[in-house]
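Asks: I have a structure here, written as structure tokens, and I will follow up with some questions on it.
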Amino acid sequence: MAATSPIHFDVEHLREEVLRTYDRVARDPRGDFHFHRGARYASEYLGYDPAELAELPESCTARFAGVGNPLQIGKVIAAVPGMRREHAGPCPGETVLDHACGAGMDLLLAARQVGPRGRAIGVDMTPAMRACAQASAELAGLSGRVQIRAGYMESLPVDDGSVDLVISNGVVNLAPDKTRVFREIARVLRPGGRLFLADVVVQRELTLDARENPDLWAACVAGAMVESEIATLASEAGLVDGRVVQRFDCFRDTSAEAKVAKDLFIQGVNFYARRA
């Protein structure tokens, strides 16, 4: 399983490489990377509404590097027979946590949806990304309902049971200890709270050589889970109703796609679960 990094893997080196990569994205999103970025990619590959993105500051949309569309999950779930409306969202007045928020595109979209009585908390480990997210919130007139906090996925600076909805886009694959990440998500969710997760999956385990490559980890490839592992990890953390609800060809025409075997079928997925 990809739930943990390989034995003897240099976790600190990985964290430094990831931090260095996304610091570069924050400082120059037009640079050369293994993955797509920006508003055009978000709308054409992942189904974001271009009109909604046009209303956000370019300081966040240009630095977007997600692999799915977690805020679309609420609409998909609301259409599933037998699912109650409260399983959807984000809803007005709710508290949303954007788990490794980057420059804040998903965070600001969520802040708009929860309205003035709601709250949107963004946590990220990269100082330059946090600065972009804060500046973007101010430019969008949303700083009154947006909070940006420094922190890691494995140890969220958020109180127990204080969040209605956790959104996450393309970052769990970067974690060397995914079991701990899912436990943290479950910890901060209120009973009945939901997880809207977009992340990278593969159809078989990667080779050890690939999983020990820090560059491929930073490109969201080497730490990718086999699809069935997401539901397993969510269930072990105490989350229920776990299911993949959408798929995205997020690596099409990237250098990362060229570095992995075709039978991996690497792709992004939208995954839903909730705390019992």
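The values are calculated or read from the model by the stated rules, or taken from the named source; none is laboratory data. Remember, it's a predicted structure, so these values are computed and weren't measured experimentally. FYI the Cβ positions are ideal-geometry reconstructions off the backbone, even for glycines, and counts take in every protein chain you see. Surface accessibility is based on the protein's heavy atoms, side chains included, excluding ligands, DNA and RNA. Shrake-Rupley method; radii C 1.70, N 1.55, O 1.52, S 1.80 Å.
Asks: Hey, can you list the DSSP H helices of the chain whose Cα span along the axis is 20 Å or longer and whose average Kyte-Doolittle score is at least -1.0?
Replies: In the chain, the long hydrophobic H runs are 11-27.
Asks: Note the full-extension length gain between S228 and V11 as 0.36 nm times their separation in residues minus their Cα-Cα distance, in nm to one decimal.
Replies: Stretched out fully, the S228 to V11 stretch lengthens by 75.7 nm.
Asks: Hey, another quick one. How many percent of DSSP beta bridges within the chain run antiparallel, rounded to 5?
Replies: In the chain, approximately 45 percent of DSSP beta bridges are antiparallel ones.
Asks: Carbon and sulfur atoms: what percent of the 1.4 Å accessible area of the chain do they account for?
Replies: On the chain, the fraction of accessible area on carbon and sulfur atoms equals 48 percent.
Asks: Tell me the label-point distance for the pair A276, R40, using the 7 Å Cα-to-Cβ offset, in nm and rounded to one decimal.
Replies: 4.8 nm
Asks: If you bin the C-alpha pair distances of the chain every 5 Å from 0, what whole percents do you get?
Replies: Calculated P(r), rounded to whole percents: 1, 6, 14, 19, 21, 18, 13, 6, 2, 0.
Asks: Next question. R149 to Q203: extension gain in nm, 0.36 nm per residue of separation minus the Cα-Cα distance?
Replies: Working it through step by step, the gained length comes to 16.0 nm.
Asks: May I pose another question? Using a Förster distance of 25 angstrom, determine the FRET efficiency expected from the C-beta separation of E236 and E55, and round it to 0.05.
Replies: 0.05
Asks: So what is the relative contact order for the chain, in percent, with contacts set as C-alpha pairs under 8 Å and at least six apart?
Replies: Averaging sequence separation for qualifying contacts and normalising by length gives 22 percent for the chain.
Asks: Here is a follow-up. Any chance you could check the Cα centroid distance between region 171-187 and region 26-44 for me, in angstrom?
Replies: One Cα centre to the other: 25 Å.
Asks: Could you provide, to the nearest whole Å², the per residue accessible area of region 32-175 with probe 1.4 Å? Working shown, then result.
Replies: Working: 5520 Å² over 144 residues.
Counting only protein heavy atoms, the per-residue value for region 32-175 is 38 Å².
Asks: By how many nm would the segment from L19 to D159 lengthen if fully extended, with 0.36 nm per residue of separation less the alpha-carbon distance?
Replies: 47.9 nm
Asks: Can you compute the FRET efficiency between R117 and R30 using 1/(1 + (r/R0)^6), with r the Cβ-Cβ distance and R0 = 22 Å? Round to the nearest 0.05. It would help to have the intermediate numbers written out before the result.
Replies: Numbers: r = 38 Å, r/R0 = 1.71.
Between R117 and R30 the formula returns 0.05.
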